[in-house]
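What follows is one structure encoded as structure tokens, with my remarks underneath.
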């Protein structure tokens with residue numbers, strides 16, 4: 001049976017309520033009433049029940065919705081490790097996307113997920129949250145693949161956001177994967193097995209083994225020696241049956257060409273040691289992007305999972321951005 005820790009690492013690296021009208025949202029509860037919530041909701045989103053967790057000691061606090069990476073992963077069970085400080089300022093909302101986490105346990109997607117479908121799900125989730133918590137706008141944070149969903153909202157519905165936090169975002173993923181392949185080939189040039197497998201990788205990917213070999217040797221470079229096992233390979237290829245078509249869609253994303261200007265504040269979080277979503281690509285995109293307010297924060301001791309590598313700095317950086325965001329309102 002595949003090692004659960006390996007699957008968690010794998011998924012981490014690789015998301016019908018109609019739109020609520022503005023007058024409904026503005027009927028907010030009295031600000032003097034602090035309403036505590038620690039509740040799981042299962043609204044119908046995109047034709048299936050999807051799991052949304054809301055935790056707060058005061059539902060009047062602004063909402064921060066996390067968009068998990070993957071695709072196919074969940075941040076819900078580990079959220080306490082990177083939201084303990086944030087809960088002083090926000091109502092924390094976690095969502096398990098279709099075919100991930102608690103939503104998958106509740107009901108699998110009747111069709112294989114697609115990027116477009118999951119982006120529409122994201123909009124419906126935000127509308128549900130706005131209606132449930134009586135808030136006109138929310139804060140949104142995307143982690144890795146979660147940014148594929150987050151930037152869709154930024155582009156199409158910026159009026160729903162106070163600000164967007166992009167953590168190790170997917171910007172130009174094909175270029176990132178090409179750079180990763182070159183880095184791994186150079187690193188493992190004395191390893192005959194790695195060299196053979198990496199030399200077989202096609203760009204763009206043609207078969208599931210292309211992505212498998214890239215992630216296998218990336219994880220091995222990071223010290224996860226279990227990835228050479230048959231269990232890891234079988235687990236990865238099982239994941240690929242559902243998610244490789246989605247990741248192939250992601251490979252076509254090129255934000256510098258398709259999203260040059262946005263209409264909400266945006267903050268980029270990049271790990272200095274991230275070679276999965278290349279740090280320099282994010283920096284270059286940040287420099288060219290036009291936004292009412294923007295900033296970029298470099299995390300010196302982080303790779304691709306900033307919220308895990310530097311959770312305290314991750315949270316404090318979000319909180320420190322709030323006064324600047326508020327000054328524009």
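The table that follows gives values for the structure above.
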{"read-out": "Qualifying residues in region 35-56 (those that are part of a loop (DSSP other than H, G, I, E, B) and touching a strand residue (DSSP E or B) at 6+ places or on another chain (Cβ under 9 Å)) - the one modelled with the lowest pLDDT", "value": "35"}
{"read-out": "Any chance residue 177 is assigned by TED's automatic domain parsing to the domain that holds residue 238, buried (at least 20 other Cβ atoms within 10 Å of the Cβ) and within 23 Å of residue 300 (Cα to Cα)", "value": "yes"}
{"read-out": "Filter result for residue 74 (under 21 Å from residue 311 (Cα atoms) and part of a helix (DSSP H, G or I))", "value": "no"}
{"read-out": "Meets criteria (closer than 23 Å to residue 242 by Cβ, in a loop (DSSP other than H, G, I, E, B) and either at pLDDT below 95 or assigned by TED's automatic domain parsing to the domain that holds residue 132 (or both)) for residue 1", "value": "yes"}
{"read-out": "Conditions (1) outside the structural domain of residue 290 (by TED's automatic domain parsing); (2) surrounded by fewer than 15 Cβ atoms within 10 Å (Cβ to Cβ); (3) in a helix (DSSP H, G or I): number failed by residue 218", "value": "(2)"}
{"read-out": "Meets criteria (farther than 25 Å from residue 171 by Cβ and either in the same structural domain as residue 166 (by TED's automatic domain parsing) or touching a strand residue (DSSP E or B) at 6+ places or on another chain (Cβ under 6 Å) (or both)) for residue 153", "value": "no"}
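Table: residues versus (1) crowded, with 16+ Cβ neighbours inside 10 Å; (2) part of a loop (DSSP other than H, G, I, E, B).
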position	(1), (2)
244	yes, no
247	yes, no
256	no, no
267	yes, no
270	yes, no
303	yes, yes
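The values are calculated or read from the model by the stated rules, or taken from the named source; none is laboratory data. The structure displayed is predicted, hence computed values, not measured ones. Backbone-built Cβ (ideal geometry, glycine too); neighbour counts: all protein chains shown.
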